[in-house]
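Read the structure below first, then the notes.
The values are calculated or read from the model by the stated rules, or taken from the named source; none is laboratory data. Fair warning: this is a prediction, and the values are worked out from it, not measured in the lab. Please note: Cβ atoms are built from the backbone with ideal geometry, for glycine as well, and neighbour counts cover all protein chains shown.
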Amino acid sequence: MNFTAIDFETANGQRNSACSLGLVRVENGVIVESKDWLISPPEMYFHPMNVSIHGITEEDVTNEPSFNYIWEEVENYLHGEMVIAHNASFDVSVLRACLETYGIRFPEFDYLCTVQISRNIWPNMPNHKLNTMADMFNIPLRHHDALEDTLACAKIAIKACQVMNVNSLTDLAQEICIAPGKLNPNGYKAPKKIK
């Protein structure tokens, strides 16, 4: 069971305004590495609502690198891997917008969403928000901290594979009838339920 989990926080309503990225690498079902970055967005505008959610301000990122400077390191964890995120449509759209902003070619990877996974495996939960799922599994979480969110997402994916008795996210997707999403230099396809 090998995959990379990601989580972005944004400065404002623009998808390319990533101000933080958390990343967790899982190998053989074990978290082996976790990293996070503060990012200086292309437009230094932090909407009060976004700040109230994640607590990151302009002052926090003024001396941090822009996305294009961290990309080479980040890409090594994503290209050719299975990638997951909680509400992956948001995180993959932020990644795409950041890459497009800096004219960077899209990497190639398959991806899944732990919201979709959770809805399929635990349908009777009151909701499938990250904090709700983390509470169910007693996963410590400082919600909307990119690294904490990514660690929780990874642990939920590992738990889902254990519950379904499968050894990979690819097998899990087949078991719950979800076609993984795909990102590649030609574009992207979102994960979708197979009927």
*Considering only region 27-78, how many residues are in contact with a helix residue (DSSP H, G or I) (Cβ under 7 Å, 6 or more places away or on another chain) and either modelled with pLDDT under 95 or charged (D, E, K, R) (or both)?*
3
_Under 8 Å between Cβ atoms, which residue pairs at least 6 apart in sequence (or on different chains) link something in region 155-168 that is within 11 Å of residue 118 (Cα to Cα) with a partner that is surrounded by 11 or more Cβ atoms within 10 Å (Cβ to Cβ) and among the aromatic types (Phe, Trp, Tyr)?_
156/137; 157/3; 159/137
*Only residues in region 175-193 that are exposed (fewer than 15 other Cβ atoms within 10 Å of the Cβ) count as the first member; pair them with residues that are aromatic (Phe, Trp, Tyr), Cβ under 7 angstrom, at least 6 apart or cross-chain, and list the lot.*
184/106; 185/106
_Kindly evaluate residue 116 against the criterion of being over 23 Å from residue 72 (Cβ atoms) and touching a residue at least 60 places away in the same chain (Cβ under 8 Å)._
yes
*asked:* Regarding region 72-79, can at least one residue be identified that is more than 20 Å from residue 16 (Cβ to Cβ) and in contact with a His (Cβ under 7 Å, 6 or more places away or on another chain)?
replied: no
_Of residues in region 39-66 being surrounded by fewer than 16 Cβ atoms within 10 Å (Cβ to Cβ) and of a type in the set (Val, Ile, Thr), the one nearest to residue 7 (Cα to Cα)_ = 53
*What residue, among those in region 1-38 that are out of contact with any strand residue (DSSP E or B) (no Cβ under 6 Å at 6 or more places or on another chain) and assigned to a loop (DSSP other than H, G, I, E, B), is surrounded by the fewest Cβ atoms within 10 Å (Cβ to Cβ)?*
28
_Checking the structure you have, find out if any residue of region 161-175 is over 23 Å from residue 25 (Cβ atoms) and hydrophobic (A, V, I, L, M, F, W, C)._
no
*Among the helices (runs of 4 or more DSSP H) confined wholly to region 39-79, which include 1 or more residues that are within 30 Å of residue 108 (Cα to Cα), without any contact (Cβ under 8 Å) to a residue 24 or more places away in the chain and out of contact with any Pro (no Cβ under 7 Å at 6 or more places or on another chain)?*
67-78
_Contact list please: Cβ distance under 7 Å, first residue in region 1-29 and in contact (Cβ under 8 Å) with a residue 12 or more places away in the chain and over 22 Å from residue 49 (Cβ atoms), second residue of a type in the set (Phe, Trp, Tyr) and surrounded by fewer than 24 Cβ atoms within 10 Å (Cβ to Cβ), pairs at least six apart or on different chains._
4/77; 23/77; 25/77
